4 protein chains.
Amino acid sequence: MKNTFGNSISITLFGESHGAQIGAVLDGLAPGIAIDEEFIRAQLDKRRPVGKIGTARHEADAYQIVSGVFEGKTTGTPLTILIPNTAQHSKDYAATRSLARPGHADYTAYAKYHGYEDYRGGGHFSGRITAALVAAGAIVISALREKGIEIGTHIRSCGGVADIDFGDVKADIARLNTLDFAVLDEEKGDEMKAKIEAAAMDGDSVGGVLETAVIGMPAGVGEPWFDTVEGVLSHALFSVPAVKGVEFGDAFAMVNGRGSAYNDHYYISDKEIKTATNHNGGVNGGITNGMPIVFRCAVKPTPSIFKAQNTVDFIKGENSVLELKGRHDPAVIHRARVVVDSVTALVLADLLAQRYGTDWLA
Amino acid sequence: MKNTFGNSISITLFGESHGAQIGAVLDGLAPGIAIDEEFIRAQLDKRRPVGKIGTARHEADAYQIVSGVFEGKTTGTPLTILIPNTAQHSKDYAATRSLARPGHADYTAYAKYHGYEDYRGGGHFSGRITAALVAAGAIVISALREKGIEIGTHIRSCGGVADIDFGDVKADIARLNTLDFAVLDEEKGDEMKAKIEAAAMDGDSVGGVLETAVIGMPAGVGEPWFDTVEGVLSHALFSVPAVKGVEFGDAFAMVNGRGSAYNDHYYISDKEIKTATNHNGGVNGGITNGMPIVFRCAVKPTPSIFKAQNTVDFIKGENSVLELKGRHDPAVIHRARVVVDSVTALVLADLLAQRYGTDWLA
Amino acid sequence: MKNTFGNSISITLFGESHGAQIGAVLDGLAPGIAIDEEFIRAQLDKRRPVGKIGTARHEADAYQIVSGVFEGKTTGTPLTILIPNTAQHSKDYAATRSLARPGHADYTAYAKYHGYEDYRGGGHFSGRITAALVAAGAIVISALREKGIEIGTHIRSCGGVADIDFGDVKADIARLNTLDFAVLDEEKGDEMKAKIEAAAMDGDSVGGVLETAVIGMPAGVGEPWFDTVEGVLSHALFSVPAVKGVEFGDAFAMVNGRGSAYNDHYYISDKEIKTATNHNGGVNGGITNGMPIVFRCAVKPTPSIFKAQNTVDFIKGENSVLELKGRHDPAVIHRARVVVDSVTALVLADLLAQRYGTDWLA
Amino acid sequence: MKNTFGNSISITLFGESHGAQIGAVLDGLAPGIAIDEEFIRAQLDKRRPVGKIGTARHEADAYQIVSGVFEGKTTGTPLTILIPNTAQHSKDYAATRSLARPGHADYTAYAKYHGYEDYRGGGHFSGRITAALVAAGAIVISALREKGIEIGTHIRSCGGVADIDFGDVKADIARLNTLDFAVLDEEKGDEMKAKIEAAAMDGDSVGGVLETAVIGMPAGVGEPWFDTVEGVLSHALFSVPAVKGVEFGDAFAMVNGRGSAYNDHYYISDKEIKTATNHNGGVNGGITNGMPIVFRCAVKPTPSIFKAQNTVDFIKGENSVLELKGRHDPAVIHRARVVVDSVTALVLADLLAQRYGTDWLA
């Protein structure tokens, strides 16, 4: 189904970096969900490059909802968001059209689309498409919040600097969602920014780890095989540009330990079943257990760097050297964070709709 | 779609640990694929517990193909594999029916299925279901091999012991596929087994990391959004019991480095486009680049341990203590490896069929 | 997705006429639905050939549920039904393997499956597969009945003889479901049977029209585009062997009239919104309006006849003449009726689950 | 999946009659398909109301392709078509917002969307949405034509007047595709127009039957169960507004005949396998047999009429009388024809892509 994702609630993405418009169609939403334009705007702003550590491309992200909303509320029919592209410098790309940027999709796009792909600025592969994902996600995030489900992501590490752990998850989520550069410890955040700026100075880039927590999910959502919470979330999360790894709970930390150290013991507190630890990240057997869902995404260093790199001209079929020009981010992790939140909201809303029906969300 | 996965080639899983039969329906296979019964048998044997480090349950795994094969070849219509359950000790489970085994799905199953779930031996959540997945996967692995696509997995680490890296990937894959305990360095394998046995002695368990390589995949397979190679593979891989993390290439290692260190430079060799390194694991922008696909699965320590554990009785709603009896593996990683190979084959065959059509595989 | 149908509740069909077993996997059912074995048995009996107007093949249809049911109730995990084939006369078919039976799928199967198809008795195309569909449908029919939704089908016409119209729909459905040869007017039924027998005497066959009514469906189920009630139902109904046309309400009768004659006027009765007529068959804009859903399936005359017919040998590539032997029905319409009911139940349960969630059915 | 249809090639529809824009996203198209803007324009013109028998609403249908096309050819990534709404008279509808127009979806929309639906001009249910379907379909029709697959539809009957039968199908299709009012016999067409005008004079409306033929489809496309050619086509065809019945070949005519009269005998001509008759409409066992695919759609009389009609106010819950004002078609069949062609192209392209891969179409 390619650029469409979801069963009961689905999203379809379209657009290219230098095309006329990018956008998304969000289908299966319950009717009657209030559209909070200010919040959509705020989320888009979190995704946009800002200050010294962002790119030089400034898109207004003047999104427009052209269907599926009537008198400020969802109608229940497909909701379409359009975002015009206005700040393209297409010429930057023509000269290097057939040089495969290392770490980018130029060559794989060519292999798949036989040279018919819109190569300008990454075309359909561009991170710019995530603006549509973020606008769509904002609507679902609002709706889930009304149901007591809240999502927050912090930069767990960046450029080798680690943030502190989640503490009071509810409070942490609330605070993270007010921040542009989402860290739990602002000092650590400043150190990260310094690392990003240092990389930028060198014409280089950095990556990091995003850690997301979701509270308020009822126990019993997800499926035992294939449509496990982990499986469906990771399926979508790997569409967040630069994400190359996804782990739930303490996955890659647990591998060297023993079961006795990592089994999450259950206990009853105020008639609620909880676990004393959360090494499994809120999911057992593919199904939510009522604890916070916690996962981490590995975000590789941005592949666009300004150093000379060996590569090939895939049309001429010869070795070449590439020196990138144009606008590029030395880091995307602080921007990717709101994309992760959006994807998470879309996936969880869909899993909830499978069990409780599409009307449930309103 | 729950227990069905795949678009052009799909698999449907069914069965419970202590039910009459488990099985799988494999649909969308090209007609004319030869069934190699001996290879299916061999793959099932790799999944079965063996020797000191396995459980005490010995299933014959006498699978039967009841549809979709005629005169030794696939017909192109749904291929159904049945495996009868014969060695159940159902009574082992009745006594602890409402005690949530930490790290297991008992409580989440109860939350989802309202108490109607077949709780015996993990029911539909049981690792036993993977026998059907392995039998189905074996058919696809054979078919892919005829197309030059080969899959191999080794135990990258277990119990804190690390195996060596892939070297000559083609030769390594060939050799791994002859082994029951799949490591590249047999001495490391012996150390791992010692760790597993030591954990077993303590009534405890260990986990590890599986690393998989696939060679022969053409460049240009996969989709830019959602149905990325990473997304679809991880979606299915999280159904392998105990897998809690999936990373492609050097994902979690790259996060602390810079782009200049991790961009894979392209070069031409014998008119073929290759990359000098493979930090991206053979996938850029969600699409294969012709290099080996490499990914790692974090396998948590087996949750079934014999130590007393605090937990709850979720029917009575009170705290309790659980002491497990019955047959349990101190490690599943050496068995999970063949499940990973099977899942990988199914996913890749489906992605190939999307681009080249369902007839392509024969 | 080929042999799998449904979104929230899905069915996967497998098997060949002369294979070891046929069957179905039913997924997405709510946990806790009681399995009424007697009713499944009764439904299977309605599908089986009986008396003078049936074929000579007598299958016991000894179905077995091998997964998804525990202590007499659905678990919520995939429910698998197996039916062994026991009465095959495979030799009947080998001699005419490459002669395309007119009206049958022999040649199209060959074109699709390149000669690897199991050709015996129609293979996977055989009407025999509908036994699995009927057994699965019976479970859903029972569950829907508990929710006040009832389905009934009568033979609207057969061999040129017309049955009377539905009158008191609720009472008619109840009575139809007790009959083996489902007509509202038994005298018309006897005339139909005489037509079938007369055709059988001539080595020929007859067709007819099935008319189905469903009561108790709430208003507001279905989708405006693509997943219209009509679209999803017809999608599945065309899998009922020999069905070549599907109409809702008075479709093919309305085409020559005017809007003023066929618009169904709304009125209020006891605070319920109803329509004075039901020319639209209970569906407007793809969505149920609360009136009975009424549709008709055109069932073509059974293609298996004993007269000599011109055809081709599609392997030799030459013209030929076919004289069928073996066991064949002079009519299938009286048997197809229970298949239509089953398909209808599966589709409606899925549409309901989309809106109300999968838990709703229990 | 609601407003998205198709597996390998899919379409997503969005928009409301009086919203900002309607549109479609077409995904899975092969890269390199030439976009024939003139043909898209011509197809949209066929859908638009013209002359005396059309509505008074004149939309420019100034479509815009905002993604998925680069330098005049498809890129292989999602192709998005937008059509702005410009000629809305929204006030026409506010006064009768809660009066259920008989034969329309007002009440069912209310039941499904709880009153949040955009009720103006039918909202998302409006026939206006088919403009996007037609624009998308035009692209696929062009691409199929390059592959030798051609689609043509004529008005088989309208207002009680019957057109003549298909003769030389290839020539007939070619000629039909040049006509605005598609009939094989122009005199019959004039009679039909007279019937439409007469109905318009009376404030009434008429319906009819559309008959479609497709040539050039290879044998062996489609699936035996569920995704039969008939099933998938009908699924989509019931989304064409006012279609209430779909039959393949001579379905509803065959029901009263015998098998010997309706079995299509095979013969060989110039090494090609053909059938002497085509009562099955080119499909056996759900799979194409290489003969023309022929089907008919029953189009009910347009429900919008100007006569006073009894109905209910579904918000107040009381009986009422409705007298429609605004712009309404006395017939839609001559416009629906191009929608049917579009839907047919989309479905067949998808079925072909399933077997031959998505690259095949270019």
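The values are calculated or read from the model by the stated rules, or taken from the named source; none is laboratory data. Please read these numbers as outputs of a predicted model, since none were measured by experiment. All Cβ positions, glycine included, derive from the backbone under ideal geometry; neighbour counts span all protein chains shown. The accessibility values were calculated without ligands, DNA or RNA, using every heavy atom of the protein model including side chains. Shrake-Rupley method; radii C 1.70, N 1.55, O 1.52, S 1.80 Å.
A few comments on the model shown:
- Residues satisfying the stated conditions in region D:231-259, i.e. farther than 17 Å from C:ALA242 by Cα and open to solvent by 20 Å² or more (accessible area, probe 1.4 Å): D:PRO241, D:ALA242
- From the options A:GLY68, A:GLY72, residue that is modelled with pLDDT of 80 or more and over 24 Å from the mean Cα position of the chain (by Cα): A:GLY72
- So C:GLY103, is it of a type in the set (Gly, Ala, Ser), surrounded by fewer than 24 Cβ atoms within 10 Å (Cβ to Cβ) and either at pLDDT below 95 or outside any helix (DSSP H, G or I) (or both): no
- Qualifying positions in region D:341-362 - small (Gly, Ala, Ser) and either open to solvent by less than 10 Å² (accessible area, probe 1.4 Å) or within 23 Å of B:PRO31 (Cα to Cα) (or both): D:SER342, D:ALA345, D:ALA349, D:ALA353, D:GLY357
- Test: residue in region A:260-267 that is of a type in the set (Ser, Thr, Tyr), surrounded by 22 or more Cβ atoms within 10 Å (Cβ to Cβ) and within 11 Å of chain B (Cβ to nearest Cβ): yes
- Pairs are defined by a Cβ separation below 7 Å, a sequence spacing of at least 6 or placement on different chains, a first member in region C:188-200 that is within 14 Å of chain D (Cβ to nearest Cβ), and a second member that is basic (Lys, Arg) and crowded, with 21+ Cβ neighbours inside 10 Å; the pairs so defined are C:ALA199/D:ARG258.
- Residue in region A:190-204 that is assigned to a loop (DSSP other than H, G, I, E, B) and open to solvent by less than 40 Å² (accessible area, probe 1.4 Å) present: yes
- A:SER304 being at pLDDT below 95 and over 23 Å from B:ALA111 (Cβ atoms): yes
- Looking across region B:268-282, the residues that are out of contact with any Gly (no Cβ under 6 Å at 6 or more places or on another chain) and within 8 Å of chain A (Cβ to nearest Cβ) come down to B:ILE268, B:LYS271, B:ILE273, B:THR275, B:ALA276.
- Flag if A:SER304 is under 28 Å from the mean Cα position of the chain (by Cα), assigned to a loop (DSSP other than H, G, I, E, B) and surrounded by fewer than 24 Cβ atoms within 10 Å (Cβ to Cβ): yes
- The residues in region A:8-24 that are facing chain D (nearest Cβ under 7 Å) and assigned to a loop (DSSP other than H, G, I, E, B) can be counted, and the count is 4.
- Being more than 14 Å from chain B (Cβ to nearest Cβ) and either in a helix (DSSP H, G or I) or over 30 Å from D:ALA34 (Cα atoms) (or both) holds for only one residue in A:ALA132, A:ALA143, and it is A:ALA143.
- Residues that are more than 7 Å from chain C (Cβ to nearest Cβ) and outside any helix (DSSP H, G or I) within region D:243-255 comprise D:VAL243, D:ASP250, listed in sequence order.
- The residues of region D:178-189 that are open to solvent by less than 40 Å² (accessible area, probe 1.4 Å) and either over 15 Å from D:VAL161 (Cβ atoms) or at pLDDT below 95 (or both) amount to a single one, D:LEU179.
- Exactly one residue out of D:VAL240, D:VAL232, D:VAL183 is outside any loop (DSSP other than H, G, I, E, B), within 19 Å of the chain's Cα centre (by Cα) and hydrophobic (A, V, I, L, M, F, W, C), and it is D:VAL232.
- Matching residues in region C:307-334 - criterion: being in a loop (DSSP other than H, G, I, E, B) and within 15 Å of the chain's Cα centre (by Cα): C:ALA331, C:VAL332
- Lone unmet requirement of (1) touching a strand residue (DSSP E or B) at 6+ places or on another chain (Cβ under 9 Å); (2) open to solvent by 20 Å² or more (accessible area, probe 1.4 Å) for C:LEU133: (2)
- Evaluation of A:ILE164 against (1) closer than 23 Å to B:PHE252 by Cα; (2) buried (at least 18 other Cβ atoms within 10 Å of the Cβ); (3) at pLDDT 95 or above (one fails), failing number: (2)
- Evaluation of B:HIS279 against the conditions (1) touching a helix residue (DSSP H, G or I) at 6+ places or on another chain (Cβ under 6 Å); (2) closer than 28 Å to A:LYS307 by Cβ; (3) touching a residue at least 60 places away in the same chain (Cβ under 8 Å); (4) open to solvent by 10 Å² or more (accessible area, probe 1.4 Å) shows that the sole unmet condition is (3).
- Residue among D:ARG175, D:ARG120 that alone is at pLDDT 95 or above, of a type in the set (D, E, K, R) and open to solvent by 30 Å² or more (accessible area, probe 1.4 Å): D:ARG175
- Members of region B:275-301 that are farther than 19 Å from A:ASN284 by Cα and in a strand (DSSP E or B): B:THR275, B:VAL283, B:ASN284, B:ILE287, B:THR288, B:ILE293, B:VAL294, B:PHE295, B:ARG296
- If you go through region A:205-225 and keep only what is of a type in the set (D, E, K, R) and either open to solvent by less than 10 Å² (accessible area, probe 1.4 Å) or under 15 Å from A:VAL343 (Cβ atoms) (or both), you end up with just A:GLU211.
- Region A:294-319 residues that are under 21 Å from A:VAL343 (Cα atoms), paired with ones that are hydroxyl-bearing (Ser, Thr, Tyr) and open to solvent by 40 Å² or more (accessible area, probe 1.4 Å) (beta carbon under 9 Å, 6 or more apart): A:LYS300/B:TYR262; A:PRO301/B:SER260; A:PRO301/B:TYR262
- Filtering region B:231-240 to residues that are within 19 Å of B:TYR356 (Cα to Cα) and either without any contact (Cβ under 8 Å) to a residue 60 or more places away in the chain or at the interface with another protein chain (Cβ under 7 Å from one of its Cβ atoms) (or both) leaves only B:VAL232.
- Meets criteria (more than 7 Å from chain B (Cβ to nearest Cβ), surrounded by 23 or more Cβ atoms within 10 Å (Cβ to Cβ), hydroxyl-bearing (Ser, Thr, Tyr) and touching a residue at least 12 places away in the same chain (Cβ under 8 Å)) for A:THR228: no
- Looking only at region B:307-320, and only at residues there that are in contact with a strand residue (DSSP E or B) (Cβ under 6 Å, 6 or more places away or on another chain) and more than 7 Å from chain A (Cβ to nearest Cβ), the one that is nearest to B:ASP106 (Cα to Cα): B:ASP313
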